[in-house]
Amino acid sequence: GSFPPLELQSTIYCMGSSIPMASGIAHSGYGRPVFAIIGDSTFFHNGVLGLLNAIHSGVDMVAIVCDNRTTAMTGFQPHPGSEVNVRGEPAPAIDVGRLATAAGASSARVVNPYDIPQVKEALEKAVKERGVSVIVATEPCYLVSRRTGQFGFTPRKVVLDEERCNGCKICVT
């Protein structure tokens, strides 16, 4: 998504730096809406601190937390947002949206990432707000869904034909 023909993002950083980097970009007077995207496990590992600092600093930005309730990238270990602890015992799942609003975020909206009109509406509202707005995109991990056969959507292969693409971005909205 970074490169032509889509050019959807200006920068990309990994492992929890998205929220602090977005906060810095917002402080710089960038002049355009600033977004940070982070996974739920990384959010609990490192992103919470960036969110707290962004709220405390009073920047205008949107933080999007992709919440699949597991640590998919390293083997599906639980994290504080999971409903079980590391021993597999029931545990209270920390709600990202409630945590964000308790910390002072201007709003927290929970969306189904496969409901594109809902996501678009949440983004349009969040970008108009002052302060830090949080969008929590909640859906089980695709890899877990693939194992269980329980999908929240119908999987289909999508291919971008760069020869025919005019950059309108309708395919991603």
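The values are calculated or read from the model by the stated rules, or taken from the named source; none is laboratory data. All values reported here derive from a predicted model rather than from experimental measurement. Positions of Cβ are backbone-derived with ideal geometry, glycine not excepted, and every protein chain shown enters the neighbour counts.
Only one entry in ASN112, ASN166 is of a type outside the set (Asp, Glu) and at pLDDT below 90, namely ASN166. Taken together, the residues in region 121-148 that are at pLDDT below 70 and outside any helix (DSSP H, G or I) amount to 1. The residues in region 26-49 that are over 17 Å from GLU129 (Cα atoms), touching a strand residue (DSSP E or B) at 6+ places or on another chain (Cβ under 8 Å) and of a type outside the set (S, T, N, Q) can be counted, and the count is 6.
The listed residues are ASN53, ASN46, and the only one of them that is at pLDDT below 90, in contact with a Ser or Thr (Cβ under 9 Å, 6 or more places away or on another chain) and not in a loop (DSSP other than H, G, I, E, B) turns out to be ASN46.
In region 105-119, which residues are in a loop (DSSP other than H, G, I, E, B) and either in contact (Cβ under 8 Å) with a residue 40 or more places away in the chain or more than 13 Å from ASN68 (Cβ to Cβ) (or both)?
Hits for region 105-119 are ALA105, SER106, ASN112, PRO113, ASP115.
Filtered by the rule that a residue be touching a residue at least 60 places away in the same chain (Cβ under 8 Å) and over 12 Å from PRO20 (Cβ atoms), region 56-87 gives GLY58, ASP60, VAL62, ILE64, VAL65, CYS66, ASP67, ASN68, ARG69, THR70, ALA72, PHE76. Working only within region 82-101, note down all residues that are part of a loop (DSSP other than H, G, I, E, B) and surrounded by fewer than 14 Cβ atoms within 10 Å (Cβ to Cβ). Of everything in region 82-101, those that are part of a loop (DSSP other than H, G, I, E, B) and surrounded by fewer than 14 Cβ atoms within 10 Å (Cβ to Cβ) turn out to be GLU83, ASN85, VAL86, ARG87, GLY88, GLU89, PRO92.
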